[in-house]
Amino acid sequence: MINQEQLIKKAFEAQKFSYAPYSQFNVGAALLCADGTIYTGCNIENAAFSPTNCAERTAFFKAISEGKKDFVAIAIVGNKSNVEKGQGDYCAPCAVCRQVMAEFCDLEKFQVIMAKDDNDYIENTLGELIPLAFTGKDLNS
């Protein structure tokens with residue numbers, strides 16, 4: 001099975017494809033499926049801002065569109081383009097991305113890894129990042 005550092009490296013590779021001409025904030029994500037498959041994503045901005053898509057959702061939507069729905073972890077990296085690797089802060093997923101994760105992931109098992117570089121990272125469960133999450137279970141009560 002892939003380890004955190006390998007997943008982080010994949011996120012940094014994805015970050016290179018970021019399209020962020022407005023914010024200059026480049027984000028990369030690497031999503032690990034239960035079968036070991038990894039889907040990467042980068043943020044893709046748009047001048048109208050609403051059509052912008054985050055790196056995390058890009059990775060999730062790629063995976064789901066190819067039939068994957070069993071996820072283990074995601075590594076996320078991101079900073080302004082002028083910040084060197086390892087010098088910025090941890091990049092946490094936005095609320096919309098957390099909600100997408102909550103749709104498909106176990107809140108207590110799914111790991112969210114936020115990294116500054118390959119060896120400097122923090123790891124939380126999705127439930128720690130989105131307590132009292134609203135999920136499909138709430139609609140079926």
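The values are calculated or read from the model by the stated rules, or taken from the named source; none is laboratory data. This one's a predicted model, so the numbers in the text were calculated from it and none came from an experiment. Glycine also receives a Cβ, built like all others from the backbone with ideal geometry; neighbour counts cover every protein chain displayed.
Working carefully through the options GLU45, GLU56, find the one that is over 12 Å from the mean Cα position of the chain (by Cα) and either under 19 Å from ALA11 (Cα atoms) or at pLDDT 95 or above (or both).
Exactly one residue qualifies, and that residue is GLU45.
Might you check whether a residue that is in contact (Cβ under 8 Å) with a residue 60 or more places away in the chain, closer than 16 Å to MET114 by Cα and of a type in the set (Val, Ile, Thr) occurs anywhere in region 2-19?
Yes, that holds for at least one residue.
Being touching a Leu at 6+ places or on another chain (Cβ under 8 Å) and aromatic (Phe, Trp, Tyr), is that true of even one residue in region 23-45?
yes
Taking the condition in contact with a strand residue (DSSP E or B) (Cβ under 6 Å, 6 or more places away or on another chain) and not basic (Lys, Arg), does ALA95 pass?
no
Quick check on PHE12: is it outside any loop (DSSP other than H, G, I, E, B) and in contact with a helix residue (DSSP H, G or I) (Cβ under 9 Å, 6 or more places away or on another chain)?
Spelling it out, it is not the case that PHE12 is outside any loop (DSSP other than H, G, I, E, B) and in contact with a helix residue (DSSP H, G or I) (Cβ under 9 Å, 6 or more places away or on another chain).
Looking only at residues that are of a type in the set (Gly, Ala, Ser) and in contact (Cβ under 8 Å) with a residue 40 or more places away in the chain in region 60-113, which one is surrounded by the most Cβ atoms within 10 Å (Cβ to Cβ)?
Out of the qualifying residues, it is ALA75.
Can you report the number of residues in region 38-53 which are farther than 15 Å from VAL112 by Cα and surrounded by 12 or more Cβ atoms within 10 Å (Cβ to Cβ)?
7
Could you list all residues from region 62-86 that are over 17 Å from SER18 (Cβ atoms) and outside any strand (DSSP E or B)?
Within region 62-86, ALA63, ILE64, SER65, GLU66, GLY67, LYS68, LYS69, ASP70, GLY86 qualify.
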